[in-house]
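Asks: One structure coming up, written as structure tokens, with questions to follow.
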Amino acid sequence: MRTRKLARVTRRRFLKQTGFTLIAAGTAPLISAPFVSRALADAKTLSIVQWSHFVPAYDKWFDKFARDWGEKNQIGVTVDHIPVQDVAARAAAEASAQAGHDLFGWNGAGGAHLYRKFLVDVTSLVESVEQKYGKITVIGRQIGYNQDDHSWSAFPDYYINFPVMYRKSLWDGIGMQPDSWDNIRIGGAKLKAKGNPVGISLGHSNDPNTTWRGLLWSYGGAVQDEAGKHVVLNSKESVEAVKFVAALYKEAMTPDVLSWSDASNNQYIDSGVSSLIINPISAYRTAQQLNKKVADDIFVMKPPKGPVRQIMGAAAEFYGIWKFAKNQDAAKDFLKYYADNWVEAFKASSGYNMPIFANIVPKPMPLLSDDPTSTPHDKLAVLQTSDEWSAAPGYPGPSWPATDEVYNDFIICDMMAKGATGVSAEDSVKWATQQCEAIFKKWQHRA
Amino acid sequence: MVTIAEPVRKQPVSRFRFILDRRDVLGALFVAPAILYVFLLVGVPFLLAVYYSISAYTIYDPSWRFVGLSNFEQVIQNPVFLDTLGNTFLFTFGSQLLGLILGKFGALLLLRPFPGRKIVRALIILPWAVPIALASVAWEWMFDSLYSVINWTLIALGVIDRSNAPNWLGNPHLAMLCVIVVNAWRFFPFAIVVFLAGITSVPQDIIDAATVDGAGFWRRNYQIILPMILPIVAIGLIFGIVFTFTDLSVVYLLTNGGPVNATSVLGFEGFQVGIVSGDVSHGAAISLFMLPVLFLVVIGMLRFIRRREI
């Protein structure tokens, strides 16, 4: 009987064989590279990265839309969706590596102005779309527009508005309308006593960052002046705003809100507990799927009136084309085609993506003016006017790296949370002002 | 006639073969990839961090301008940073202490023979092996203000009522406790492995002799076994401290630094400022504050180990 002998692995044999393997593995790409790169050069590609949308159907629509455009133009299109919290880190990684996707979709604060030196000037593209689809709204101009040289470093895609969502039957039951901040506090206290508190987060996330800015502005306060040069937070108006939040927290909310993420307020109203939240319509759309009875009772209205104005924060979305992108022309062509089909994008987002260009979705807007899934059908009609009451984080000035850092450090949320949890309104505002001034001073020397 | 065998002609041997026969050359060759790996993935980023921290480099203006130590000066002047530094110490040493206690008891339990011990030993590694993003989702639900399974259980047992339920991630002290517990939960399987390795290396005759001399369970564990395994435990602790001090994942995933920065740690702060806000130079300066602390801790512990080595 023959037995198979295993050859002894000597040190020399081990080195020889691993050496050959490493050499083969190392040289394979070198040998094949010229052929591969030629093949890649022949096939045009466009790579896009953007956040995973809160409306999953929109992502499905967008992926198909991009793929179809690619097929029509013999361009291979890939779309990557990443969690919203990873967008900033991803952008930083691509910029520092000088490699990545061709088209980068930003969400929320940061982006266009921060990465300005890394992005292709898209002024002619934005102006051509503006000529075709009407004037860019005020919030649109806060996104990607550079006031110093009147150029655009990003294509403004849409903004996400933050209307009031309230349980109509509960508010009717106390004979009140949550149309002003004072009414929300007074009515909210009554409803909290009945087990239906108001739910506005005081945690570290995007929703409170947006909502509390809206409250601050509606009280006449702001982080910066119109020119974006000075911090103007330390004002009587800001102190009054913080005092109001302290009262709202004590009278109409529960301590839960201090730890909330962006999903928490949606869950709060969808579960039937909360009487009011301030949120994009994703909360309502989720309720339509999970709890039809509650969804039918959720109504939408403009942001609450404050002593000075009626305004609310909004999240901005925009596309930038990297200077290192291999297919800049394809990216521009895609954005042009996308703008021409923007009504379809609007419908696919179920009215979540709000238009930047005045006539790109002519009024009455589909879905919002007549939503067959809502009772009554015009329940969301008020959102058509949201460009009149929505503003980006830099309001009343431009958004720039300093206002982004104020946003990213949750300074306004924390100012309100400090006031709500026992720190005096004056001290809370003073603390936040010091934080903002340090950030502004730093960026003014660098920007 | 006697036939003398022809002498075997020696094959010419290349000099390369002799070089590879030298232990010192071969040793260096084998260690080289590891050194290269550490240099590329630790050394280069560290040097880059130093480079950025003394410059005015931002994503907005990615040009290098020397500013000396002014970034460090500005960072120290920020009261939020000092709170963050304090939080980092609390988070690191709190979770290490808790992890060590759990690890010690876990190891003692796993040393005793019982049915299914091998399965339990395998399962106990899970917290270490499960991706933290996944584990954090589970912990987030356990600490959720609306759906906390811990609160639900306590309410069901009649220990608390709904109105007095702990606001785990909303109360600054409880939020810090939560991130410490989650990190200790991640660390304790590693501590178990370290303790198990240490305890099993203690010669049985020493333990037997101590038992004959009348040493009970506590005396055997804390006056004989623990001093003998301290060097190996200290090495494990160095790993734990270094990884925790530089970690941001638990805080990032569970609290985002809230409420009101109560759980913000250096890694998280550096990430927010340097990456999210694009102020790379200040982000690097914040991150580099970890260096002297870790350096002192590691040097101190290594000296301690050297003195204790038997």
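The values are calculated or read from the model by the stated rules, or taken from the named source; none is laboratory data. Note that the structure is predicted; figures quoted are calculated from it, not measured. No Cβ is skipped: glycine too gets one built from the backbone with ideal geometry, and neighbour counts run over all protein chains shown. For the accessible areas, the whole protein counts, side chains as well, though only heavy atoms, and no ligand, DNA or RNA atoms are used. Shrake-Rupley method; radii C 1.70, N 1.55, O 1.52, S 1.80 Å.
Asks: In terms of solvent-accessible area of protein heavy atoms at a 1.4 angstrom probe, what is the ranking of A:Arg141, B:Arg306, highest value first? List each step's numbers first, then the result.
Replies: On the way: A:Arg141 85, B:Arg306 170 Å².
Putting A:Arg141, B:Arg306 in descending order of accessible area: B:Arg306, A:Arg141.
Asks: Roughly how many Å is it from the Cα centre of the stretch B:215-272 to that of the stretch B:28-67, as a whole number?
Replies: Taking the Cα centre of the stretch B:28-67 as reference, the centre of the stretch B:215-272 is 26 Å away.
Asks: Kindly give Rg over Rh for the stretch B:73-115, based on alpha-carbon atoms, with the Kirkwood expression for the hydrodynamic radius. Could the numbers behind the result be given before it?
Replies: On the way: Rg = 18.3 Å, Rh = 12.9 Å.
Ratio of gyration radius to Kirkwood radius: 1.41.
Asks: Still on this structure, I have one more. Run the 1.4 Å probe and let me know the accessible area of A:Thr123, rounded to the nearest 10 Å².
Replies: That residue has around 20 Å² of solvent-accessible surface.
Asks: While we're looking at this one, here's another question. For peptide B:261-273, what's the mean number of Cβ atoms from other chains within 10 Å of each residue's Cβ? Don't skip to the end; give the middle numbers.
Replies: On the way: counts 7, 2, 1, 3, 0, 0, 0, 0, 1, 0, 3, 6, 5.
Mean partner-chain Cβ count within 10 Å for B:261-273: 2.
Asks: Within 10 Å of each Cβ in A:262-274, how many Cβ atoms from other chains are there, averaged over the peptide? Spell out each step's value before the answer.
Replies: Working: counts 0, 2, 4, 0, 0, 3, 2, 0, 0, 2, 0, 1, 0.
Shielding by partners across A:262-274 averages 1.
Asks: Determine the sum of side-chain charges near A:Gly140: Lys and Arg each +1, Asp and Glu each -1, restricted to other residues whose C-beta is under 15 angstrom from that of A:Gly140.
Replies: Values: positive: A:Lys132, A:Lys135, A:Arg141; negative: A:Glu127, A:Glu130, A:Asp157, A:Glu317, A:Asp387, A:Glu388.
Summing Lys and Arg as +1 and Asp and Glu as -1 gives -3.
Asks: Next question. Name the residues of the stretch B:206-232 whose amide N is less than 14 Å from a point 7 angstrom out from the Cα of B:Arg306 along the C-beta direction?
Replies: Residues passing the 14 Å test: none.
Asks: Where q = 0.11, 0.14 Å⁻¹, what log10 of I(q)/I(0) comes from the Debye formula for chain A, counting one point per Cα?
Replies: Once normalised to I(0) and log-transformed, intensities are -0.87, -1.32.
Asks: Taking 7 Å along the Cα-to-C-beta vector as the label spot, tell me the A:Asp182-B:Trp141 distance in nanometres, rounded to one decimal.
Replies: 4.5 nm
Asks: Can you pull the Kirkwood radius for the stretch A:203-302, inverse mean 1/r over Cα pairs, to one decimal in Å?
Replies: Values: mean 1/r = 0.0660 Å⁻¹.
Over the stretch A:203-302, the inverse of the mean reciprocal pair distance is 15.1 Å.
Asks: What is the spin-label model distance, in nm, from B:Trp218 to A:His81 if the labels are put 7 Å beyond Cα along the C-beta direction?
Replies: It is 5.9 nm.
Asks: Which percent of the accessible area of the stretch B:50-308 is formed by carbon and sulfur heavy atoms (probe 1.4 angstrom)? Before the final figure, lay out each step's value.
Replies: Values: 8860 of 12510 Å².
Of the solvent-accessible surface of the stretch B:50-308, carbon and sulfur hold 71 percent.
Asks: Can I ask one more? Say the cut-off is 20 Å between C-alpha atoms; which of A:Lys229/A:Lys442; A:Lys243/A:Lys305; A:Lys117/A:Lys323; A:Lys135/A:Lys323; A:Lys305/A:Lys430; A:Lys60/A:Lys347 go over it?
Replies: A:Lys135/A:Lys323; A:Lys305/A:Lys430
Asks: With every protein chain left in place, what is the accessible area per residue of chain A in square angstrom, probe 1.4 Å? Before the final figure, lay out each step's value.
Replies: Details: 18690 Å² over 447 residues.
Normalised by residue count, the accessible surface of chain A is 42 Å².
Asks: While we're on this one: For B:Asp213, tell me the accessible area in Å² from a 1.4 Å probe, rounded to the nearest 10.
Replies: Rounded to the nearest 10, that gives 130 Å².
Asks: A follow-up question, please. Please give the average number of partner chain Cβ atoms lying within 10 Å of the Cβ of each residue in B:140-151, rounded to a whole number. Intermediate results must be reported in sequence, preceding the final value.
Replies: Values: counts 3, 0, 0, 1, 7, 11, 10, 3, 0, 0, 0, 0.
Taking all residues of B:140-151 together, the mean is 3.
Asks: Still on this structure: Cβ neighbours within 10 Å, averaged per peptide: list B:56-66, B:271-281 in order, most packed at the top.
Replies: On the way: B:56-66: 17.0, B:271-281: 25.4.
So the peptides B:56-66, B:271-281, ranked by packing, come out B:271-281, B:56-66.
Asks: Could you order A:Trp152, A:Trp400, B:Trp141, B:Trp218 by accessible surface area, starting with the largest, using a probe radius of 1.4 Å? List each step's numbers first, then the result.
Replies: Working: A:Trp152 5, A:Trp400 35, B:Trp141 120, B:Trp218 155 Å².
Accessible-area ranking of A:Trp152, A:Trp400, B:Trp141, B:Trp218, largest first: B:Trp218, B:Trp141, A:Trp400, A:Trp152.
Asks: How big is the dipole moment of the protein assembly as shown about its Cα centre under a simple scheme where the beta carbon of each Lys and Arg is +1, that of each Asp and Glu is -1, and everything else is neutral? Debye, nearest 20, please. Intermediate values should be presented prior to the final figure.
Replies: Numbers: 69 positive and 62 negative charges, 796 e Å.
Charge dipole, the protein assembly as shown, about its Cα centre: 3820 debye, nearest 20.
Asks: Further question on the same structure: Work out, in µm²/s and without decimals, the Stokes-Einstein translational diffusion coefficient of the stretch B:50-308 at 20 °C, 1.002 mPa s, Rh from Kirkwood over C-alpha pairs. Present the calculation step by step, with values, prior to reporting the outcome.
Replies: Values: Rh = 20.8 Å.
For the chosen part, D equals 103 µm²/s.
Asks: For chain A, give the percent of accessible area contributed by carbon and sulfur heavy atoms, probe 1.4 Å, rounded to a whole number. Show your work: numbers first, answer last.
Replies: Details: 10310 of 18690 Å².
The computed percentage sits at 55.
Asks: Quick check: pseudo-label points 7 Å beyond the Cα along Cα→Cβ at A:Asn291 and A:Ser96, how many nm apart are they?
Replies: Once both label points are built, they end up 4.3 nm from each other.
Asks: Also, I was wondering about something else. Give the peptides B:161-169, B:85-93 in descending order of average Cβ contacts within 10 Å, highest first. Please report the intermediate quantities before stating the final value.
Replies: On the way: B:161-169: 15.4, B:85-93: 19.3.
Per-residue mean Cβ counts within 10 Å order the peptides as B:85-93, B:161-169.
Asks: Measuring from centroid to centroid over Cα atoms, what is the spacing of the stretch A:357-378 and the stretch A:77-120 in Å?
Replies: Computed from Cα coordinates, the inter-centre distance equals 31 Å.
Asks: Taking a cut-off of 14 Å between Cα atoms, list the aspartates and glutamates near A:Lys250, but don't count ones fewer than 8 places away on the same chain.
Replies: A:Asp182
Asks: Which order, highest average first, do A:108-117, B:70-79, B:170-179 follow once you tally other Cβ atoms within 10 Å for each residue and take the mean per peptide?
Replies: Numbers: A:108-117: 24.2, B:70-79: 16.5, B:170-179: 19.6.
Result, highest mean Cβ count within 10 Å first: A:108-117, B:170-179, B:70-79.
Asks: Compute log10 of I(q)/I(0) for the protein assembly as shown with the Debye formula, placing one identical point scatterer on every Cα and leaving out solvent, at q = 0.04, 0.06, 0.09 Å⁻¹, to two decimals.
Replies: The computed values of log10 I(q)/I(0) come out as -0.22, -0.47, -0.96.
Asks: Turning to a different aspect of this structure: Are there any residues in the stretch A:185-215 with a reduction of at least 40 Å² in accessible surface when going from the isolated chain to the assembly of protein chains? Probe 1.4 Å, please list them by number.
Replies: For the stretch A:185-215, once contacts with the other chains are taken into account, A:His204 lose 40 Å² or more.
Asks: Quick one: compute the contact order of chain A, relative version, from alpha carbon pairs under 8 angstrom and 6+ residues apart, as a percent. Numbers along the way, then the final one.
Replies: On the way: 790 pairs, mean separation 102.9, N = 447.
Computed value for chain A: 23 percent relative contact order.
Asks: A further question on this structure: Short version: ³J(HN,Hα) in whole Hz for each residue of the stretch A:103-112, in order, from phi by Karplus 6.51 cos²θ - 1.76 cosθ + 1.60 (θ = phi - 60°), x for Gly and Pro, what are they?
Replies: Once θ is set to phi - 60°, the couplings for the stretch A:103-112 become 10, 10, x, 8, 10, x, 6, x, x, 3 Hz.
Asks: Count neighbours as other Cβ atoms within 10 Å of each site's Cβ, and list the trypsin sites (Lys or Arg not before Pro) in the stretch A:216-284 that are DSSP loop with at most 12 such neighbours.
Replies: A:Lys229
Asks: Still on this structure, please answer the following. Assuming R0 = 22 Å, what is the FRET efficiency of A:Val343 and A:Lys64, from their Cβ-Cβ distance, to the nearest 0.05?
Replies: Details: r = 16 Å, r/R0 = 0.72.
Given R0 = 22 Å and the Cβ-Cβ separation, E is 0.85.
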